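Below: the structure, in structure tokens.
The values are calculated or read from the model by the stated rules, or taken from the named source; none is laboratory data. Since the model is a prediction, treat every value here as computed from it, not as a measurement. Using ideal geometry, Cβ is built from the backbone for each residue, glycine included, and neighbour counts are taken over all protein chains shown. The accessibility values were calculated without ligands, DNA or RNA, using every heavy atom of the protein model including side chains. Shrake-Rupley method; radii C 1.70, N 1.55, O 1.52, S 1.80 Å.
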Amino acid sequence: MITAYKRISFFGLGYVGLSTALCFANKTFTSIGVDIEEKKVRRIMGGKVPFYEMGLETLLKDCLDKGTFRCTTNPREAVMESDISFVTVGTPSQPNGNINLRYIKLVSRDLGEALKEKSNCYLVVVKSTVLPGTTLNNIKPILEKYSGKKCGHDFGLCFNPEFLREGNAIQDVLNPDRIIIGEYDIKSGDILAEFYRNFYGEKTPPIIRTNIPTAELIKYASNAFLATKISFINTIANICEKTPGVDVTTVAKAIGLDKRIGPHFLNAGLGYGGSCFPKDLKALIPYSKKSGYSPELLETVESVNENQPNKAVQLCKKFLGALKDKKIAILGLAFKPNTDDVREAVSIKIINILLADGAEIVVYDPAAVENAKKIFKERVKYASSMYECLQGADCCIIVTEWEEFKALKPEDLIKHMRTPALIDGRRITDPELFKDRVKYAAIGFGPKIVS
Ligand code: UGA
């Protein structure tokens, strides 16, 4: 008989840790968040989410009111008052592509020290993305060293990857497609499986139980496949652009109806960004090479993605010739809509190339301006609306597919811009509305058929 553990803690309060902690705390469990940043902890306890994630602030306030969630900088307190700890700290890239295990190691040490005093059986669940072998070779020894206890005997250990998307975190926690449990021993896996069945009830998705390295690789394989889908459709888009009369959106819709292919993640554009896909490929490729296999497919996925933002610049030059002193309006800075995150955002690459070419840049984003200011400072101008951004511009590039940009009409370009020209880098505008009224180009939209 497995005890149904109901008190949980989360180490690392980024979008994964905080969103998951709050979803669990809103139903069934009490959860404690731990973070080393005192300012962040104070802010969260004051009801403020330190990043932009839809619906999370309301959830935070509800959980604080109900008393089912609180956070602290004290790891010992969190371990003493919980039965399971989830490790959700970041694993950022180092310049050589290797992931930085600094935070993971610090948390493992904190957990180990706190576990020393714990008398009942405790479960540590690693959610942070780490390369195969890391949990067993790096995390487990630290936990054992600082606790003086034996994994599998005195405490349990699982690797349990997360598949949350930024901007959809709550929905993704509440409706996962699957749960992957990499277990050190059967008891650890039983406890975690029971924990999830307790939370999801009848809605429990398929649970795959396996060993820890397999679960670690599943996370990389999943992100590598999604990145491959994007670079694939972008490759097809680039072929479409050279082919009169062909539009990639129709091609994607048609191939997506084949159940073996599926309709998702086939939106052609200027490439993927964010804190996950680029980082995970950058880590998986050298990992594979070091193990003796050169993963050529993944190297190509990466290089297609590196080249894709250049397409926006090439199209801009096609419209305007030399870019020196030309005013370019950039719509969208975040790496995708519904987030303020600009990490590895395509916008950064495009703006840097345009600035190097001497263009004057005006940017607008509904959420990411503050984060972009930390990167571009005074080098670009910041508009406070889409229309202000277009004012007097020679060309406009849609870089992120925010909902509000979908309202853009040819009249807006004609009214506000010096020379009305649009490059749709995310395929959110209807070419039929624009192509005969303004200079118009879109990723994957082929030239007119001349018969
Ligand atoms: C991604 C995965 O989707 C999550 O399952 C995973 O948990 C997460 O990484 C992680 O490893 O933590 P996320 O980075 O939030 O989530 O963003 P996605 O929604 O996957 O988008 C990634 C990038 O791909 C964005 O730049 C987006 O614009 C681009 N994209 C996505 C396309 O260019 N085309 C598409 O069809 C879909």
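This table checks each residue for (1) free of Cβ contacts under 8 Å to residues at least 40 places away in the same chain; (2) within 16 Å of the ligand (Cβ to nearest atom); (3) within 22 Å of residue 58 (Cα to Cα); (4) not assigned by TED's automatic domain parsing to the domain that holds residue 21.
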| residue | (1), (2), (3), (4) |
| --- | --- |
| 148 | yes, no, no, no |
| 159 | no, yes, no, no |
| 165 | yes, yes, yes, no |
| 171 | yes, yes, yes, no |
| 180 | yes, yes, no, no |
| 186 | yes, no, no, no |
| 190 | no, no, no, no |
| 196 | yes, no, no, no |
| 200 | yes, no, yes, no |
State whether one or more residues within region 330-351 are free of Cβ contacts under 8 Å to residues at least 40 places away in the same chain, polar (S, T, N, Q) and open to solvent by 10 Å² or more (accessible area, probe 1.4 Å). no
Note on region 284-302: residues open to solvent by less than 70 Å² (accessible area, probe 1.4 Å) and in a helix (DSSP H, G or I) are 284, 285, 286, 288, 298, 299, 301, 302
Tally of residues being open to solvent by 10 Å² or more (accessible area, probe 1.4 Å) and away from the ligand (no atom under 16 Å from the Cβ) across region 411-428: 9
Only residues that are outside any helix (DSSP H, G or I) and within 7 Å of the ligand (Cβ to nearest atom): list them for region 270-283, please. 271, 272, 273, 274, 275, 276
Sole exception among (1) farther than 21 Å from residue 166 by Cβ; (2) more than 10 Å from the ligand (Cβ to nearest atom); (3) surrounded by 15 or more Cβ atoms within 10 Å (Cβ to Cβ) for residue 260, by number: (3)
Of all residues in region 311-352, which are more than 16 Å from the ligand (Cβ to nearest atom) and among the aliphatic types (A, V, I, L, M)? 313, 315, 320, 322, 323, 328, 329
Go through region 137-211 and tell me which helices (runs of 4 or more DSSP H), entirely inside it, have 1 or more residues that are basic (Lys, Arg), farther than 22 Å from residue 79 by Cα and open to solvent by 60 Å² or more (accessible area, probe 1.4 Å). 186-200
Filtering region 38-83 down to residues that are open to solvent by less than 30 Å² (accessible area, probe 1.4 Å) and free of Cβ contacts under 8 Å to residues at least 24 places away in the same chain yields 47
Across (1) under 26 Å from residue 369 (Cα atoms); (2) open to solvent by 50 Å² or more (accessible area, probe 1.4 Å); (3) more than 16 Å from the ligand (Cβ to nearest atom), residue 6 clears everything bar (1)
When you scan region 335-349, do you find a residue that is over 17 Å from the mean Cα position of the chain (by Cα) and assigned to a helix (DSSP H, G or I), even just one? yes
Only one of (1) more than 11 Å from the ligand (Cβ to nearest atom); (2) in contact with a Lys or Arg (Cβ under 7 Å, 6 or more places away or on another chain) is not met by residue 286, so which one is it? (2)
If the requirement is being of a type outside the set (Asp, Glu), closer than 21 Å to residue 286 by Cα and open to solvent by 30 Å² or more (accessible area, probe 1.4 Å), which of these qualifies: 120, 98? 98
Only listed residue being in contact with a strand residue (DSSP E or B) (Cβ under 8 Å, 6 or more places away or on another chain) and either free of Cβ contacts under 8 Å to residues at least 12 places away in the same chain or more than 24 Å from residue 279 (Cβ to Cβ) (or both), chosen from 327, 374, 317: 327
Selection status of residue 228, within 12 Å of the ligand (Cβ to nearest atom) and open to solvent by 10 Å² or more (accessible area, probe 1.4 Å): yes
If a residue must be of a type in the set (Phe, Trp, Tyr) and open to solvent by 40 Å² or more (accessible area, probe 1.4 Å), how many such residues does region 362-385 contain? 1
